[in-house]
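The values are calculated or read from the model by the stated rules, or taken from the named source; none is laboratory data. Everything numeric here is computed off the predicted structure, so don't read it as measured data. Methodologically, a virtual Cβ is constructed for each residue, glycine included, from the backbone with ideal geometry; neighbour enumeration extends over all protein chains shown. Keep in mind that these areas ignore ligands, DNA and RNA; they rest on the heavy atoms of the full protein, side chains included. Shrake-Rupley method; radii C 1.70, N 1.55, O 1.52, S 1.80 Å.
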Amino acid sequence: MDNIPISFMVNGASIDAPTTDGDMALVDYLHERLGLAGTKFCCGIGECRACTVATRNGPNATMQTTLSCSTPVDSLNGLEIFTVEGLQQGDKLLPLQQAFLKHFSFQCGYCTPGFLMATWVLLQKLQLSPISESELDDAIEQGVGRNICRCSGYVRYYQAIRELALPLTREHLS
Ligand code: FES
Ligand code: FES
């Protein structure tokens, strides 16, 4: 029983982690075992959200944000995990990435993978369950309001996210 690996998916690839890695934080596993260094480690105590990845419990489940610094590998059985590397589609940037660039949302960029993944999750939730425009600011606050940017790019992140989310509101869906 103890030797049954911990099975999960990362960006569509099946992973069987040995139980000896069960105590590792997901962010360390991504960096050290999978060579995926895009997810950033900062506070390590669940406060800054630089380490945000997206997870869901099966293809039909709702996507959620997960703090990879505070999530041990042995809690991942059956989960699908998506990191910033998983957003890549060939050599093209997603509209989400283009919007962050267009609005000069980031400076050093250390917080950007966390903002990208939190926004990606938010946009998917809005696509599945459209809200009215008057509810959008609250939804953005809930989706990314706890992500910390030490370079204080909040207003520009907000502008980019609002531009992406506005067409998904009920008033703008035709
Ligand atoms: S590194 Fe700060 S919340 Fe994970
Ligand atoms: S751009 Fe530097 S921490 Fe956000």
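Of the residues making up the range 27-42, those that are open to solvent by less than 60 Å² (accessible area, probe 1.4 Å) and among the hydrophobic types (A, V, I, L, M, F, W, C) are 27, 30, 34, 36, 37, 42.
For the range 99-127, a residue qualifies if it is open to solvent by 40 Å² or more (accessible area, probe 1.4 Å) and either more than 14 Å from ligand 2 (Cβ to nearest atom) or without any contact (Cβ under 8 Å) to a residue 24 or more places away in the chain (or both), and the qualifying residues are 101, 102, 120, 124, 125, 127. Among the residues making up the range 60-111, those that are touching a helix residue (DSSP H, G or I) at 6+ places or on another chain (Cβ under 7 Å), closer than 23 Å to residue 17 by Cα and of a type in the set (Ser, Thr, Tyr) are 65, 68, 71, 83. Starting from residues that are in contact (Cβ under 8 Å) with a residue 24 or more places away in the chain and among the charged types (D, E, K, R), keep the ones in the range 1-26 and report whichever is most open to solvent (accessible area, probe 1.4 Å). Here the answer is 23. Pairs are defined by a Cβ separation below 8 Å, a sequence spacing of at least 6 or placement on different chains, a first member in the range 27-52 that is touching a residue at least 24 places away in the same chain (Cβ under 8 Å) and within 18 Å of residue 86 (Cβ to Cβ), and a second member that is part of a strand (DSSP E or B) and within 16 Å of ligand 2 (Cβ to nearest atom); the pairs so defined are 39/52.
Restricting attention to the range 144-160 and to residues that are more than 16 Å from ligand 1 (Cβ to nearest atom), within 14 Å of residue 114 (Cβ to Cβ) and surrounded by 21 or more Cβ atoms within 10 Å (Cβ to Cβ), the residue that is nearest to the chain's Cα centre (by Cα) turns out to be 157.
Out of the strands (runs of 3 or more DSSP E) lying entirely within the range 43-98, which hold 1 or more residues that are within 16 Å of ligand 2 (Cβ to nearest atom) and exposed (fewer than 13 other Cβ atoms within 10 Å of the Cβ)? No strands (runs of 3 or more DSSP E) qualify here. When 135, 163 are checked against the criterion of being open to solvent by 70 Å² or more (accessible area, probe 1.4 Å), over 23 Å from residue 104 (Cβ atoms) and assigned to a helix (DSSP H, G or I), 135 stands alone in meeting it.
For the range 13-22, check the following and say yes or no: at least one residue is under 28 Å from residue 127 (Cβ atoms) and not in a strand (DSSP E or B). The answer is no, given that none of the residues of the range 13-22 is under 28 Å from residue 127 (Cβ atoms) and not in a strand (DSSP E or B).
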